[in-house]
Each structure stands twice: as C-alpha cells, then as structure tokens.
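Participant: Handing you a structure now.
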Amino acid sequence: MSHSDTDDQPESDDHLESDDQSESDDQDTTGQVSKLSFVDSEDGPCSECDGKGKKPRKEKKSLRRLAEDGLLKGISESVAGDSSASRYCCGGILPGTPKSEPTTLRWDDPSEEGISRKCHFPMDSDLAANRVVTIVNGICKASDKNGNLDAKNFSTNFDPHGNGILDIISQLLLPGFQAQKLKERPEHRGIKATLTNLQVCSAETPPVYITRAVSPPKSEFGKLVICLPHSHEGGKLEILRSSRSTIFDWSDSSSDARKKNNIKWAAFIGDCEFRIHPIREGQQFNLVYTLSLTKSIGRTLDARPIIEVASLPFYQAIREILEQPGFMRRGGTIGFYCCYGYNHTKEQAKRLLPHGLKGIDMVLYQTFHNLGMKVEVLPLFNTTPLDAADEALFEMEAKICMDDPENHIAIDFDNWQCTKCQEGYPTLEEYREYTKNQGNQISRVGNELYSFQIGEKKDKDYRLHGCGGIDNREWQRKLVEEGLREDWPWAEYKNVRWLNQPPGENEENRDLALLNLIEDVDPEDKLYHGVGEEIETFDSNLVILAHIPVPSKRKLKEEK
C-alpha cells in the first residue's frame, strides 16, 4: 500500500499524491526545465565529456518547494535536540461547575492581632457589593504596597498536585530540563510546588515585572501562577524567553460568563522573565508557587484536558504555517522522530501511547491534533542493514569499474559514463542521492504498534552480499523486503517531510523490532549482517505522522 499526496481530489488515508511532482505554475530556480541534461564538451582531455563523464545534473527545487522547506526548517530548528524554545511554558483552565468546591482563602488580619479572615473564590453572587468591597480591602490591607501577601500569613485549600497540573508540567516541560539534581537518573525526576505568595493586582498596585522566575542553581525549576476566579479587566500575564513571548489573558473580556468561575493557570521554566500588565478594573488574585525538582505521567490527552494547547509557544507557529494556502497545497505528511524512548515494541505500548508521550513529542502531537489534523504514532521500519549492504556492493563494483573501465561498465550507470573514455562513474555520495531520488524517499511505516517479532526462518540465498552483482541488487532487495513485510506489515509513504533526523544507533528512541533466523549458513558466507551470521535483526523508530489535507479541506479548529 503506497501513501503519497493528493491533488484537489477527495483525500484517502491510504493514498497521498507526491508533493514533489512538477507543477506548471512553479518557476524553476535555474530558469530552465528541471530535467536531466548531460555534460558533453568538445574541449579538454576527452572530446566527448572533458573527462567528466555524463553524470546527470542535479534537479533544482521549485520556488514553492524552497519556500515550504524554509517554513519547515524553522519548525525543525525549534524541535532540534528537544529544544525548550518550543515549550518553555504552558497553561490551561480548571473548569468550574455548580458542584465544584470553592477555593478558600484564610489570612491574618493585620489590624487585629490573633484574628484571621476567610473568603471563597468565586465570591458568592448573592453577596452585597459593599461586602465584596470589604473582603477585597481586607486582603489588600494584609498585603504589602506591591500587592504581595507572604505564604506564612495566609493559607488556601487549593492543591495543584491533586488537580493534575503538576502531571502536565512534568509531561511537557520537565523532559530534557538541564539541572544537577538527579542528573544521572532524569527519569526519576518529579515536580513539587511550594506556595510562596498571593499576588494582589489592582489599579492601585504597580505592574509586576520579574526578570527571572527563579534562581538557576540546585533543584529550582520554574514558577506556577494560579489565577483565582474574580472579576477584573486587564492584568495579562506575559512570559518572555529570549526573543519569544507568550501571553495569557485571564480578564473577563477574554471569555464568556460561563467561564468566569474557572481557575486559570500558567507554568514556565526558571530562565523566563514574566510581567503582569496593569489592571484596568477590579482585582486579580494570583497564587504563586515555586516549582522544584524532586524524586518521584498522561493527563494531557484526557477527554476533559485542563491544558490549553494554544498556550504552547509551538502552537501558533504551526497554525500560521497551515493557514497559508500555498503551503503543501497538494496535501502530504509531516513526520517527526520521537525524541524519547517508550519501549514501543513492548506489548503495553498500545495501551500507553499516545497518552504517555512527553516533552517535545507530546507538544508536537497535541499541536497537530488540536488543529484538527489526523495524527498517528506508529513504528517506522529501519532498513539501514539493507542500505548498508547496497552501498558496500556499490563500492565493490565501483572499484572494479574504475580499475578496468574499458571492460567493466555497470548496467545501472552505463548512461553516466562517457562511451569514449569511460569516465563518469558516480561517487558514493552521488549514488546515495541517486537511490534516494529513485526510491522517492519511501518510508516503511507499520500499520499499528507491533510488539517484538520473530519471523519465519529465511533462505540464505537472497541474503548473500554479492549475489548477482549490483545489476541484480534491485531485484534481490525487492524479494528480501517482500519477506520482511510478511513478518512486519508496513505501508509505504512517499516523500514524508521530516522535521528532524533519525536517531543514532545507540540512542534510546529506537527498539529491536524483528529477528530472523537464516538457514544453512556456512562460516564463510558473506551476508548482510556479517560473515557467517545466522541471525538478522531490524530496528524500528517511533514516529509521529501528521497528515495535512489540501488547503480547501484544512479546517483548523478554533483555539482552545
């Protein structure tokens, strides 16, 4: 089954027409038709090829394709190395219902020693206006001139641990965080929230501006701000990191009355600056927590998630790209190699994924999912052993052809070579580029998450390294892949636009997927996996695939 991109025809999950096909209205960057043309000069040591052979010129990308590549490169740079630039903050809403317990606040009355006061958020709607004013004034008097009430002078029944907020922070912001605490065991890290103060913001208090959320050393991680439900206008919370900024608007005008009883929250890592913009009307009450690393994950995809995906810095950039009518106008697939190990070839992976994704993996999945794209988490079959065997066979034949070019001309590349001087046999890099283009960059994606497989015993004949020479290699490999596909079924996707590079051989985010026993192997047999090897193994990578429809069907969901 082949997957490529569709034009403006109805889309299907199994067939997407190639986005690389030539288009009449796309201008080539060379000003010429992008077809193979051959070098043939009358000057130089060879009258036919100038000693360079007849290698095909490299095709040039259209201006549209170059523009798309530029947009995707920006995303790729954001996710490179699990960069925290794309996930320095997150936020959401704890929805209030008529049955929800109110948040209680108790504070010491500075005017009467030994006396404490109490109120609830949201304040009862049947309270007289003058009573609300009295309560608010009492809290303001207990606070300092900047609107801060120290945690030792008040208490609350709000619990960020029990509400699931810290689970989300641990899942999205914690992975990849650099710190000395538990450096050798980062998978054992958790997040603890310590209440530090109540920030009372009003038209009378100065705007809040903090240059750094926390001091960097030891176990410090970041800040958590909880906005209690109380009517106000203004008071936007702005998180700044390098040249990026994210704004959380919790004022009445930003949401309808039905949401006024909701508790809003935002969390951000420690090297961020933040400011609370001036209040125009009413008061804003924020519980401020310091987040710390501690010893110890998937509520992000729950039916009633408490995170607002639109609050993620990565979200808006993706949305703006998808809104462009010229971007991937034939549709297509964007791919991403997961940055973390999930043991995806274990049986329990089907139950844990995608809910168990973390860090940038979850950010990227949630972003495309929330924008209405079809998103899948699937294994990608790693054909590195077959590719390496092809290259080794090519290099072996290349040496033979170059040592005796008059008597050895490779069938696959005879049109590259000059008929007079036999120059022009491709280099290894040219061979890699040629095979990549010939295969249209096929990605072999599993139909579902598979547990580790042991296949049927295989005949060694099609595994022999030099069997038939390179001119027989394509036929030989096709037979090998047909056998592998029976044990590990896959669908073929053409021209997936990958945002990052596949993981290295020893990285945690690739798992052993398939093992085959080879029959009747002699010690001197040269096989793909080594001389005399009776076992062949193949890995798979866990990948995220976002299927992008044509612009006319790209109905992006409203921000939540």
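Participant: With θ taken as phi - 60° and the coefficients 6.51, -1.76 and 1.60, list the Karplus ³J(HN,Hα) couplings across segment 358-369 in order, rounded to whole Hz; mark glycine and proline as x.
Facilitator: Rounded to whole hertz, the list is 9, x, 5, 4, 5, 4, 5, 4, 4, 4, 5, 4.
Participant: Give me the 1.4 Å probe accessible area per residue for segment 496-556, excluding ligands and nucleic acids, in Å².
Facilitator: I get 48 Å² per residue for segment 496-556.
Participant: Hey, another quick one. Can you work out the Karplus-derived ³J(HN,Hα) for every residue in segment 62-67? Use 6.51 cos²θ - 1.76 cosθ + 1.60 with θ = phi - 60°, whole Hz, and x for glycine or proline.
Facilitator: After applying 6.51 cos²θ - 1.76 cosθ + 1.60, I find 5, 4, 5, 5, 5, 5 Hz.
Participant: While we're here: Taking H as built 1.01 Å from N, whose amide H comes closer than 5 Å to the amide H of Trp498, not counting residues under 5 places away?
Facilitator: Amide H neighbours of Trp498: Gly335.
Participant: List, in order, the whole-Hz ³J(HN,Hα) value for each residue of segment 380-391 obtained from phi through the Karplus relation with A = 6.51, B = -1.76, C = 1.60 and θ = phi - 60°; use x for Gly and Pro.
Facilitator: With the stated coefficients, segment 380-391 comes to 10, 5, 9, 9, 3, x, 5, 5, 5, 5, 4, 5 Hz.
Participant: Using the heavy atoms of the protein chains and a 1.4 angstrom probe, tell me the accessible area per residue for segment 307-351 in square angstrom.
Facilitator: Counting only protein heavy atoms, the per-residue value for segment 307-351 is 38 Å².
Participant: In terms of modelled amide H atoms, which long-range or inter-chain residues lie less than 5 Å from the amide H of Thr294?
Facilitator: Under 5 Å from the amide H of Thr294 lie the amide H atoms of Gly190, Ile191, Lys192, each far enough along the sequence or on another chain.
Participant: Amide H neighbours of Ile548 under 5 Å, counting only residues 5+ apart in sequence or on other chains, H built in-plane at 1.01 Å?
Facilitator: When sequence neighbours closer than 5 places are left aside, the close amide H contacts are Gly332, Thr333, Ile334.
The values are calculated or read from the model by the stated rules, or taken from the named source; none is laboratory data. This one's a predicted model, so the numbers in the text were calculated from it and none came from an experiment. Note: accessible area is taken over every heavy atom of the protein model, side chains too, but ligands, DNA and RNA are not part of it. Shrake-Rupley method; radii C 1.70, N 1.55, O 1.52, S 1.80 Å.
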